Amino acid sequence: MKTYAFLLLLISFSTCLYAQTLDSLTIEQIMSDPKWIGTSPSDPFWSADGKKLYFNWNPEKAISDSLYAITLTQHQPVKVSPAERLQALAQRSGSYDHTYRNLVYSQLGQIYWLHIPTGRIRQITHTAEAASHPVFSFGGKQIVFQQGDNLFAWDTASGTLTQLTLFIHAEKPKQTESSSPQEKFLERDALENSVVLQQRKQQAEAEQTAQQQLNTFQHLPDSIFIGQQRIVSWTISPDGRYITYQLMKEPAHERRTIIPEYVTLSGYTETIPGRTKVGAPQPETQLWIYDRQRDTTYPVDTHDIPGIHDKPDYLKDYPSEDSAWTVHPPFRKVVINGPLWNENGSHALVVVRSLDNKDRWIMDLHPDNGKLTLIDRQRDEAWIDGPGIGWKYSMGNVGWVNNHICWFQSEATGYSHLYVYDFHTQQKHALTQGHYEVQSAVLSRDKKSFYITTNAIEPVQKQFYRLDIATGQQTQLTHQPGGNLVVVSPDEKMLAILHSFSNHPWELYLQKNNPQATPEQITHLAESELFRSYPWRAPEIITFIDRDGYRVYARLFRPKQPAATHPGVLFVHGAGYLQDAHKWWSDYYFREYMFENLLADHGYTVMDVDYRGSAGYGRYWRTAIYRHMGGKDLDDEIDAARFMIDSLGVDPQHIGIWGGSYGGFMTLMALFTHPGVFKCGAALRSVTDWAHYNDPYTSNILNLPAEDSLAYLRSSPIYFANGLQDHLLMCHGMQDTNVHFQDIVRLTEKLIELGKNNWELAVYPLENHEFKDASSWTDEYKRIFKLFETQLK
C-alpha cells in the first residue's frame, strides 16, 4: 500500500510539472488573461524626499495593479496602504519651489504644503469646493491655487488668503450710450418734478461709490467677464503681477457620432456618445493677460507672428484656392501654449502652433503689452511632431537652463535634437546632433546637465545618458541591450530603471548614477514558470533596401522547419506613428508577438516591418505618408514581401498579411490596390474611409477633407474595394469608439454591391477598439490562423 501511495504521489507530482510546461503554443493559451505571462512593474516614481521608490505591480494577480514601494535600505517590495498610495500619487503631481525644499500639492480637493527636509505637512484649505493646481509665487512667499474658476493666494507667513481673480461667466455689460439732448431734457424734467427720484438717484450713486471704495480697501479684484468660454489653463508670474489665462470657445454647431450597443443589461439598444469627424469645427482658444498692478486685461497679439500668412504647398493642386490665398492671404488660426516663466520673471516662453500644424513658433511673451518676439520657428509642409515636440495643444519639451538661456527640442535637422537659446546673444546652439532621436530630456536640478534617452546606438534600442551642457559630452548610464526607461532620484544619486528585451518582459532595476555601476534587479515576476518553459524567440532585427533606396528595419521570425509551401506572413503594426521593430518587450503587441512565435512553429516565415510613417527614424520617415496613406508605407510592405521571396525562400504564391487599426487599413489597401501580392489578409478594426476618422490624427497627415479631397480619395480603401481578388477576413468590435463600427459596415455594403465573394466579416458585439475579453481575442485569432492555414498551405 505504501508503494502504491508513493506511485500515486509521483504521478501527481509529474502531472503538476507537466502542467507548468508549455511544450507547444495554442491560441487559447496565448490569448488568455495576460496574467498567465507574469506581472511586470510599471510607472516608477520617487517620493519627494527620494527615500522611497514607488511603482505599480500585481504579484498577487488581482484584478488590477497596486502601488508598491522599496526604500534605499530595504529593496524588498512592499505593498503600500491606500492612504499612502493616495498621498504619494498626489505629491507626485505637485509643484516645487525653486529650492526644491518645498512642495505644494492637491489631495482630495484640498491644498497641502510639504516641507521636504522635515517631512512636515500643513493643510492649507478646508473647503467644500475643491481646490487644485497649487504653485509657489510672489517670490515663493505665497501659494497660489485654483478654486472654481478663480485664483487665490495664501501667504505662507501670515496665513492670509487673497482672491486674485473674479471671472464671471456672462457678457460684459454694455456701457450706456450718451443720452441725446431730448433724453437729457426728459431726465432733468423727471428729477425736477420728483423728490423721490432725486433721492433714489443719489442713493444709487452713493452705493456704487461705496462698493468701489470697499473693493479697493479689501483688495478684491474687478470682474473679468468671459461669456460662455471656458478657462482651460492659467499661469502666474513669479512676482504675482501677471496672470495669464487661456479661454476656449466650443463650436456652436458640433455634430458628434453615436455608437449603438446591442448587447445590454437593459435589453434595449443603447448608445455610446462618440466623437466628431475630421473637418468638423474645432474649439478656438485665445490667451489673455491680467495685469493686476494696472487692473486691466488684454489678449496676446498674434498678428505679427512671422509667417502667419504663409500658404501651405498642397494648395498648388487646387489652382483657384491657391490664387485666392495669394490675393487675400488669411491669418492662420493658432493656439498658444504656456507661458513658462523663468525664475526671475524677466522672460516667459510660449509655444505657438498653427491649427494646420505646419508651424511651431517658440516665442518670448512680453506681458506688459501682449506682444511676442520670435526665438525659434520650425516649419514643416507636412506636419509638426516628433519626440519632445508633441502636437498642437502641448508645450512639448521646453524649459529654462537659467534666467537667460532656454532649451527645447526641434526636428530642424530631420531628427529631434536638443537646443539651447541665449537671450543675451540671441543665438541658438545644438547640444545633440546626428542621425538619431532624443526621445526624452530632463534637466538636472543643478542645471548643469540633461538626462536624455536616445536611440543613438541603433534605432531599435533605448539607452540613457547624462549630457554635460558646457562640454556637450554624453555619458552612457545604462548598458543592458533592449529598452531602458529611467527615472532619476531627486538627489540624482540613484536611477530607477525599467528594462526589457524583445522576449523578456519589463523588470525593475535600481542602479547608482554611475556609468560603471551594476544594476540590481528588484522584481522577478515578469515571467511565470509556465511562460519561461517555452523557448520564446528573440526575433532577428534585419534591414532591407526598399525601392526608393531607403534602409527599412524589420523583425524576423524564422521557422525551424518551413512548411511544405514555404509560406510567409507580414504583420503590419497599427497607430501609424509607432515603432515595432525593436529590442524591447512590447506592452501593446505582446499577443501578436506570441502569435508570431506560433506561426513560426507551424512553418511560417514572419516579418514585422517598420514601414515609412513609423516612429524612431526621424522626420522624413514620419512624414513620408503625408497626403497619401497607403502609398510609401505600403510600398515598404510590398518590398518586404519581395525580400521574403528573394532572400528568405518564401513562395510568392503563399504570402499573407494581417494587422489592426492602421495595420488593418494597410491590409485593406494591400489587397485592394496590389492584388496578387498577398494570397490572403486579415484586417482588424480597420479605417476604411479617412473622412470618417477623428480630426487630431487625420488632419495632420491628410489636411481637411473639404480642402484636400485628393489626399482622402487616394488614401481611403473604400474607393479601391473593386480591386479585391484575394481572400479577406475583416474583424471589428461593435462598440469601437476609435474606429467606428460604421467604417466596416460601409465597406461591407460596398463589397456586397460590387459582388465580391471571397471575404468574410466577424463582429464582436461587446468589444471596443482594444479587445478586453479573452474569448474575443481567441475567436479573432483562431479565424486568422484558419485563414492562413487554409490559404497559405
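The values are calculated or read from the model by the stated rules, or taken from the named source; none is laboratory data. Because the structure is predicted, anything quoted here is derived from the model rather than measured. Positions of Cβ are backbone-derived with ideal geometry, glycine not excepted, and every protein chain shown enters the neighbour counts. Heavy atoms of the whole protein, side chains included, go into the accessibility calculation; ligands, DNA and RNA do not. Shrake-Rupley method; radii C 1.70, N 1.55, O 1.52, S 1.80 Å.
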### Query
Take the residues of the range 615-642 that are among the hydroxyl-bearing types (Ser, Thr, Tyr) and not in a loop (DSSP other than H, G, I, E, B): which is nearest to Glu411 (Cα to Cα)?
Tyr620
### Task
Scan the range 506-523 and report the pairs whose first residue is among the polar types (S, T, N, Q) and whose second residue is in a loop (DSSP other than H, G, I, E, B), with Cβ atoms within less than 7 Å and a gap of 6+ or a chain change.
Gln511/Ala517; Gln511/Pro519; Asn513/Leu477; Asn513/Glu492; Asn513/Lys493; Thr523/Pro41; Thr523/Pro77
### Message
Every residue in the range 147-197 that is over 40 Å from the mean Cα position of the chain (by Cα), outside any loop (DSSP other than H, G, I, E, B) and closer than 28 Å to Phe225 by Cβ, please.
### Response
Glu183, Glu187
### Message
Yes or no: the range 636-645 includes at least one residue that is among the basic types (Lys, Arg) and over 28 Å from Lys793 (Cα atoms).
### Response
no
### Query
Say we look at the range 716-770 and pick out the residues that are small (Gly, Ala, Ser) and open to solvent by 10 Å² or more (accessible area, probe 1.4 Å); which of these is farthest from Lys277 (Cα to Cα)?
Gly755
### Task
Say whether the condition of being crowded, with 19+ Cβ neighbours inside 10 Å, among the β-branched types (Val, Ile, Thr) and in a loop (DSSP other than H, G, I, E, B) is met by at least one residue in the range 600-613.
no
### Query
Taking Thr162, is it exposed (fewer than 14 other Cβ atoms within 10 Å of the Cβ), among the hydroxyl-bearing types (Ser, Thr, Tyr) and touching a strand residue (DSSP E or B) at 6+ places or on another chain (Cβ under 9 Å)?
no
### Query
In the range 710-731, is there at least one residue being at positive phi, out of contact with any Asp or Glu (no Cβ under 9 Å at 6 or more places or on another chain) and modelled with pLDDT of 95 or more?
no
### Query
Just wondering, is there one or more residues in the range 489-499 that are touching a residue at least 40 places away in the same chain (Cβ under 8 Å), open to solvent by less than 30 Å² (accessible area, probe 1.4 Å), hydroxyl-bearing (Ser, Thr, Tyr) and more than 22 Å from Tyr54 (Cβ to Cβ)?
no
### Query
From the list Gly603, Gly576, which residue is out of contact with any Asp or Glu (no Cβ under 7 Å at 6 or more places or on another chain), small (Gly, Ala, Ser), more than 20 Å from Asp651 (Cβ to Cβ) and touching a residue at least 12 places away in the same chain (Cβ under 8 Å)?
Gly576
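Residue by residue, here is whether (1) of a type in the set (Lys, Arg); (2) closer than 22 Å to Arg353 by Cα; (3) touching a residue at least 24 places away in the same chain (Cβ under 8 Å); (4) touching a Lys or Arg at 6+ places or on another chain (Cβ under 7 Å) holds:
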{"residue": "Val398", "(1), (2), (3), (4)": "no, yes, yes, no"}
{"residue": "Glu411", "(1), (2), (3), (4)": "no, yes, yes, yes"}
{"residue": "Gly414", "(1), (2), (3), (4)": "no, yes, yes, yes"}
{"residue": "His424", "(1), (2), (3), (4)": "no, no, no, no"}
{"residue": "Gly434", "(1), (2), (3), (4)": "no, no, no, no"}
{"residue": "Ser440", "(1), (2), (3), (4)": "no, yes, yes, no"}
## Note on the structure
Going through the range 510-537 in order, the residues found to be open to solvent by less than 30 Å² (accessible area, probe 1.4 Å) and either out of contact with any Leu (no Cβ under 9 Å at 6 or more places or on another chain) or under 22 Å from Val78 (Cα atoms) (or both) are Leu510, Gln511, Ile522, Thr523, Ala526, Ser528, Trp536
### Query
Which of the following residues is at pLDDT 95 or above, surrounded by fewer than 18 Cβ atoms within 10 Å (Cβ to Cβ) and of a type in the set (S, T, N, Q): Gln426, Gln378, Gln409?
Gln426
### Task
Select from the range 251-294 the residues that are of a type in the set (D, E, K, R) and part of a loop (DSSP other than H, G, I, E, B) and write down the one among them that is most open to solvent (accessible area, probe 1.4 Å).
Arg255
### Message
I'm trying to understand the selection: among the residues of the range 539-561, which are surrounded by fewer than 16 Cβ atoms within 10 Å (Cβ to Cβ) and under 28 Å from the mean Cα position of the chain (by Cα)?
### Response
Arg551
### Task
Only residues that are under 14 Å from Ser614 (Cβ atoms) and touching a residue at least 60 places away in the same chain (Cβ under 8 Å): list them for the range 537-560, please.
Ile541, Asp546, Tyr550, Val552, Tyr553, Ala554
### Message
Suppose the filter is of a type in the set (Phe, Trp, Tyr) and either in a strand (DSSP E or B) or open to solvent by less than 10 Å² (accessible area, probe 1.4 Å) (or both); does Tyr419 pass it?
### Response
yes
### Query
What pairs come up if the first residue lies in the range 357-371 and is under 23 Å from Asn700 (Cα atoms), the second is in a strand (DSSP E or B) and among the acidic types (Asp, Glu), and their beta carbons are under 6 Å apart, counting only those six or more places apart or on different chains?
Ile362/Asp376
### Task
Might you check whether a residue that is open to solvent by 10 Å² or more (accessible area, probe 1.4 Å), of a type in the set (D, E, K, R) and under 30 Å from Phe136 (Cα atoms) occurs anywhere in the range 335-355?
yes
### Query
Can you name every residue in the range 524-536 that is closer than 23 Å to Leu485 by Cβ and touching a residue at least 40 places away in the same chain (Cβ under 8 Å)?
Leu525, Ala526, Glu527, Ser528, Phe531, Trp536
#### Entry: Set Pro459, Pro481: member being open to solvent by 60 Å² or more (accessible area, probe 1.4 Å) and closer than 28 Å to Glu527 by Cβ
Pro481
### Task
Could you please let me know if Ser233 is open to solvent by 40 Å² or more (accessible area, probe 1.4 Å), hydroxyl-bearing (Ser, Thr, Tyr) and at pLDDT 90 or above?
yes
### Message
I want to confirm something. Restricting to the range 648-691 and keeping residues that are within 21 Å of the chain's Cα centre (by Cα) and assigned to a helix (DSSP H, G or I), which single residue is farthest from Val739 (Cα to Cα)?
### Response
Gly663
